[in-house]
Amino acid sequence: MKRIILTNLLLAVTVSLCFSQRVENFQLKDAVTGQVFELDMHSNAKAIVLVFTSLNCPFSKLYEDRIINLQSSFGSEGFVFAMINPHSGIEEEENTASIKKRMEEKSIKFPFLEDNSQSVTKQFGITKLPEVVVITPSPTGYAISYRGAIDNNPQIAANANMKYLESALGAIQNRRNPSPSSSRAVGCNVKMIN
């Protein structure tokens, strides 16, 4: 009897872990174009790379060029990149005009989405900036393939010896599961609203 209960419990935990990685569709407005970015519009992508970031977080600023370089390397290979700002509209400096200015200064050519209600930030349980979520589409829906840090050295890109995001995207490109599939993001705390 104990063995049956233990087996059923183990099965329930395994099933719940599998479903916890499922991703629901969402829509956010691009601060630059004003167009709506919808996850379902990218069902043919190899992966959707969501970078949760802000304009004022020092850690986010340190990673901007690395994100731009990764998008340059993988964007033409069927990977969709988008940055998401959970502080947009919450802090005075985190507004549409400031986002547009930063995008122009850095020549960023992919969406910078405003998550004013923090609905998407909460959906993914984001607590640090920057933090990355890589989503892969399949015939049965979307799943998280990787989440966490971009690499292991925020201060100096050249000294990063664990390039988590680049490794995850390379694995997906080669039809493999990323390993590791998660890492601990380090950076600024997300200022959550109620």
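The values are calculated or read from the model by the stated rules, or taken from the named source; none is laboratory data. For clarity, every value in this text was computed on a predicted model and none was experimentally measured. All Cβ positions, glycine included, derive from the backbone under ideal geometry; neighbour counts span all protein chains shown.
Within the range 23-40, residues that are farther than 20 Å from M103 by Cα have Cβ atoms under 6 Å from residues that are in a loop (DSSP other than H, G, I, E, B) in these pairs: L39/N25; L39/F26; D40/N25, counting only partners at least 6 apart in sequence or on another chain. The set of residues in the range 146-182 that are more than 16 Å from I67 (Cβ to Cβ), surrounded by 14 or more Cβ atoms within 10 Å (Cβ to Cβ) and of a type in the set (S, T, N, Q) comprises Q173, S181, S182.
Among the residues of the range 88-116, how many are farther than 16 Å from V32 by Cα and either touching a residue at least 40 places away in the same chain (Cβ under 8 Å) or surrounded by 14 or more Cβ atoms within 10 Å (Cβ to Cβ) (or both)?
Total satisfying the criteria: 2.
Could we say that N174 is of a type outside the set (G, A, S), free of Cβ contacts under 8 Å to residues at least 12 places away in the same chain and closer than 12 Å to K46 by Cβ here? Yes; evaluated as a whole, the condition is true for this residue.
Answer yes if at least one residue in the range 133-153 is assigned to a strand (DSSP E or B) and under 16 Å from N56 (Cα atoms), and no otherwise.
no
Restricting the range 1-29 to residues that are within 28 Å of A171 (Cβ to Cβ) and surrounded by 13 or more Cβ atoms within 10 Å (Cβ to Cβ), which is modelled with the lowest pLDDT? Among those residues, the one meeting the criterion is Q21.
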